[in-house]
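Chemist: Got a structure for you, questions after.
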Amino acid sequence: MSEDSDFEAAVRDCYSTWSGNYYDEYYGERAPYPPVHRDLLKRLLHESGARRVLDAGCGPASFLRELADEPYELAGFDLTPEMVAEAQRVLGGRGDVWQGSVLDRNAFLRGAPYDAAICVGVLPHVPPEADDVVIANLREAVKPGGLVVLEARNQLFALFTLNRYTRDLFVGELIDDEHLRALAAKELDAILRVDLPPVRTGKADEPGYDEVLSRTHNPLALGDRMAASGFADVRTLYYHFHAAPPLVEARDPEAFRRASLAMENADDWRGLVTASAFVLAGRRA
């Protein structure tokens, strides 16, 4: 089995038991934080004038179902069979959904070209060398001038978290000298909450989110790579803001949530470090 097959098999196992409750936990009333990116994606689609939309990594039609009552032609694919079955059930023929990988060019070409292609919650689960493959596949899926929206977890958010993410960013990315890296690791372990956040494990026997490949991305670097890959007018838009470092939330969860929601503004420069996620939006040149 290839390395790629190994990591994709782990991701499939991770999501295999989520198909029935994923939407409720991340988009519904049970969600720990409202899906603020949903309105952002809708706005980008409306502004683009798109009619034919592809969702690469659609899960249980988490976003496509939000478009079902609007005049779009909907299509999507997902790596996990259980997610595909749930998406087909939810859409009930309103859209075309199939099983496929974002690393497979052919998965994108079914029904292509599209007016717009989105990819949310997927890039964290592919290895670094595959980022450009995903970007190229998204580009090929849309017509010239077509919109592509690519979402990722914000690596620079670690500058604000003051936990193990901060330590990992400093030691793994910012400090080159091996000796100084070791010294810094000891100092950071002493002053940061490296016990936080808790590792997200699986629901049953399957691996959890933090037990499979689940990377973050530098929004500045990823934006440059998208622009270099044949996209024009690339914009970086931030979401899931944090009004204070996450470790403060436990002291007053209600105030923390209220203040964080009040900050939501995709164009706010503070999102570079205070938002845990971002989307890149660009048009195929």
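Chemist: Only one of (1) closer than 30 Å to ASN106 by Cβ; (2) surrounded by fewer than 20 Cβ atoms within 10 Å (Cβ to Cβ); (3) among the β-branched types (Val, Ile, Thr) fails for VAL171. Which number is that?
Modeler: Going through the list (1) closer than 30 Å to ASN106 by Cβ; (2) surrounded by fewer than 20 Cβ atoms within 10 Å (Cβ to Cβ); (3) among the β-branched types (Val, Ile, Thr), VAL171 breaks only (1).
Chemist: So, one more: Look at GLU264 and say whether it is at pLDDT 95 or above, surrounded by 14 or more Cβ atoms within 10 Å (Cβ to Cβ) and not hydroxyl-bearing (Ser, Thr, Tyr).
Modeler: For GLU264, the condition - at pLDDT 95 or above, surrounded by 14 or more Cβ atoms within 10 Å (Cβ to Cβ) and not hydroxyl-bearing (Ser, Thr, Tyr) - is met.
Chemist: Further, regarding this structure: Taking into account only those residues within segment 94-133 that are aliphatic (A, V, I, L, M), free of Cβ contacts under 8 Å to residues at least 40 places away in the same chain and touching a helix residue (DSSP H, G or I) at 6+ places or on another chain (Cβ under 8 Å), which is surrounded by the most Cβ atoms within 10 Å (Cβ to Cβ)?
Modeler: Within segment 94-133, the match that is surrounded by the most Cβ atoms within 10 Å (Cβ to Cβ) is VAL97.
Chemist: A further question follows. Considering segment 137-181 alone, what residues qualify as being more than 16 Å from PRO219 (Cβ to Cβ), assigned to a helix (DSSP H, G or I), of a type outside the set (Lys, Arg) and in contact with a helix residue (DSSP H, G or I) (Cβ under 8 Å, 6 or more places away or on another chain)?
Modeler: ASN137, LEU138, GLU140, ALA141, THR166, ASP168, PHE170, VAL171
Chemist: Same structure, new question: Tell me, which residue of segment 40-67 that is part of a helix (DSSP H, G or I) and among the charged types (D, E, K, R) is farthest from the chain's Cα centre (by Cα)?
Modeler: Checked segment 40-67; the qualifying residue farthest from the chain's Cα centre (by Cα) is GLU47.
Chemist: Considering only segment 63-79, how many residues are closer than 23 Å to CYS14 by Cβ and in contact with a Gly (Cβ under 8 Å, 6 or more places away or on another chain)?
Modeler: Of the residues in segment 63-79, 5 are closer than 23 Å to CYS14 by Cβ and in contact with a Gly (Cβ under 8 Å, 6 or more places away or on another chain).
Chemist: Please list, ordered by first then second residue, the pairs with beta carbon atoms under 6 Å, 6 or more apart or interchain, first in segment 188-217 and within 22 Å of PRO128 (Cβ to Cβ) and surrounded by 13 or more Cβ atoms within 10 Å (Cβ to Cβ), second at pLDDT 90 or above and among the β-branched types (Val, Ile, Thr).
Modeler: If the second residue must be at pLDDT 90 or above and among the β-branched types (Val, Ile, Thr), the pairs left are VAL212/VAL11.
Chemist: If you don't mind, another one. Report yes if THR274 is hydroxyl-bearing (Ser, Thr, Tyr) and under 30 Å from THR17 (Cβ atoms), otherwise no.
Modeler: No: the conditions fail for THR274.
Chemist: Further question on the same structure: Being touching a Leu at 6+ places or on another chain (Cβ under 8 Å) and outside any helix (DSSP H, G or I) is the filter; apply it to segment 116-136 and report the residue that is farthest from ALA9 (Cα to Cα).
Modeler: ALA116
Rundown of residues vs (1) over 30 Å from GLY49 (Cα atoms); (2) within 26 Å of the chain's Cα centre (by Cα), yes/no style:
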| residue | (1), (2) |
| --- | --- |
| GLU151 | no, yes |
| ASN154 | no, yes |
| LEU159 | yes, yes |
| TYR165 | yes, yes |
| GLU173 | yes, yes |
| LEU183 | yes, no |
| ASP189 | yes, no |
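Chemist: Can you pull out every residue in segment 68-93 that is surrounded by fewer than 15 Cβ atoms within 10 Å (Cβ to Cβ), touching a helix residue (DSSP H, G or I) at 6+ places or on another chain (Cβ under 9 Å) and in a loop (DSSP other than H, G, I, E, B)?
Modeler: Answer for segment 68-93, where residues must be surrounded by fewer than 15 Cβ atoms within 10 Å (Cβ to Cβ), touching a helix residue (DSSP H, G or I) at 6+ places or on another chain (Cβ under 9 Å) and in a loop (DSSP other than H, G, I, E, B): ALA68, GLU70.
The values are calculated or read from the model by the stated rules, or taken from the named source; none is laboratory data. Here the structure is a predicted model, which means the values were calculated and not measured. All Cβ positions, glycine included, derive from the backbone under ideal geometry; neighbour counts span all protein chains shown.
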